[in-house]
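First up is the structure itself, then whatever we jot down about it.
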Amino acid sequence: MHITDEGSGATIVWIHGYPLNSGIFRPQLAIEGFRHLMPDLPGFGQTPAASGELSMDDYARAVLAELDQRGIDRATFAGVSMGGYVCFAIAQLAPERVEGLILIDTKETADTEEGRKGRYDSIEKVKNEGLTPIVDAMLPKMLTPAASPEMVAQVRAIMEATSPAGAIAALGAMANRPDSSALLPALDVRTLIVVGDQDSITPVADAQRMAAALPHAKLVVLEGAAHLSNLQQSAAFNKAALLWLT
Ligand code: MLT
């Protein structure tokens, strides 16, 4: 697994969403005093796709194996969107390893029937047409219209680095992911929830619902951000994260 491993201190594991890679977290390397692990999940960025179907638990185990290799017992896990779904899987599989959670533009619920059908339609689309239609459809939802052309180009390039096999596996894993609602009240860890005020994929209401269900949550709504709030409003994100972390 390709993984950025920079800095020293307590570990934060940054888990990207779909169809993205660890490049969306470049600005978070500026958060000083921590060791940052930023994996490219299988099939995304520079990590080759795994063979066959995957579940959120498979992604979680792959991330935990990277911690094992480095002798890291506990970490704060930060996930954007699908990365948040992986965080929930980690919290289920290995709660003793979770120091804290940063849930960014994500939600705890499973797909609706309609959402699941959309995933299978997307799988067919990727098989027949490659990733371009998915990238074209999702890119406008990642950033607000105020984003600079450079930032838009950067996110497009990150999305286009996803392999078709990686996208297909992730779509299947998201379609089949469990509902984590029942997990939240029992999650006895400090949690920071961050959401862009213009996120249409996982809107502010999703973040508010998670904050109400979690015992130790702080909610931050970032103005001027859509689905990638950590990237588009990186200075405000890093400030809120550092305050919460320390
Ligand atoms: C993501 O950003 O990871 C995806 O939009 C999540 C999803 O489609 O549920």
Original post:
Counting only residues that are of a type in the set (Lys, Arg) and within 16 Å of the ligand (Cβ to nearest atom), which one in the stretch 82-119 is nearest to Ala169 (Cα to Cα)?
Top reply: Arg119
Subject >> Among the residues listed as Leu183, Leu214, Leu187, Leu231, the single one being within 16 Å of the ligand (Cβ to nearest atom) and closer than 28 Å to Arg61 by Cα >> reply: Leu231
Original post:
Just one of Asp57, Asp68, Asp5 is open to solvent by 50 Å² or more (accessible area, probe 1.4 Å), modelled with pLDDT of 95 or more, out of contact with any Pro (no Cβ under 6 Å at 6 or more places or on another chain) and closer than 26 Å to Leu171 by Cα; which is it?
Top reply: Asp57
**OP:** Confirm whether Leu20 is part of a loop (DSSP other than H, G, I, E, B), open to solvent by 20 Å² or more (accessible area, probe 1.4 Å), within 16 Å of the ligand (Cβ to nearest atom) and not basic (Lys, Arg).
**Re:** no
Original post:
Take the residues of the stretch 130-146 that are within 16 Å of the ligand (Cβ to nearest atom) and among the aliphatic types (A, V, I, L, M): which is farthest from Asn21 (Cα to Cα)?
Top reply: Ala137
Subject >> Long-range neighbours under 6 Å by Cβ, at least six apart or interchain, first residue assigned to a helix (DSSP H, G or I) within the stretch 115-144, second modelled with pLDDT under 95 and exposed (fewer than 13 other Cβ atoms within 10 Å of the Cβ) >> reply: none
Original post:
assigned to a helix (DSSP H, G or I), in contact with a Gly (Cβ under 7 Å, 6 or more places away or on another chain), away from the ligand (no atom under 13 Å from the Cβ) and of a type in the set (A, V, I, L, M), is that true of Ala165?
Top reply: yes
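The values are calculated or read from the model by the stated rules, or taken from the named source; none is laboratory data. These numbers come from a predicted model, not from an experiment. Here the Cβ is made from the backbone with ideal geometry for all residues, glycine too, and neighbour counts use every protein chain on show. Heads up: the accessible areas ignore ligands, DNA and RNA and are worked out on the full protein's heavy atoms, side chains in. Shrake-Rupley method; radii C 1.70, N 1.55, O 1.52, S 1.80 Å.
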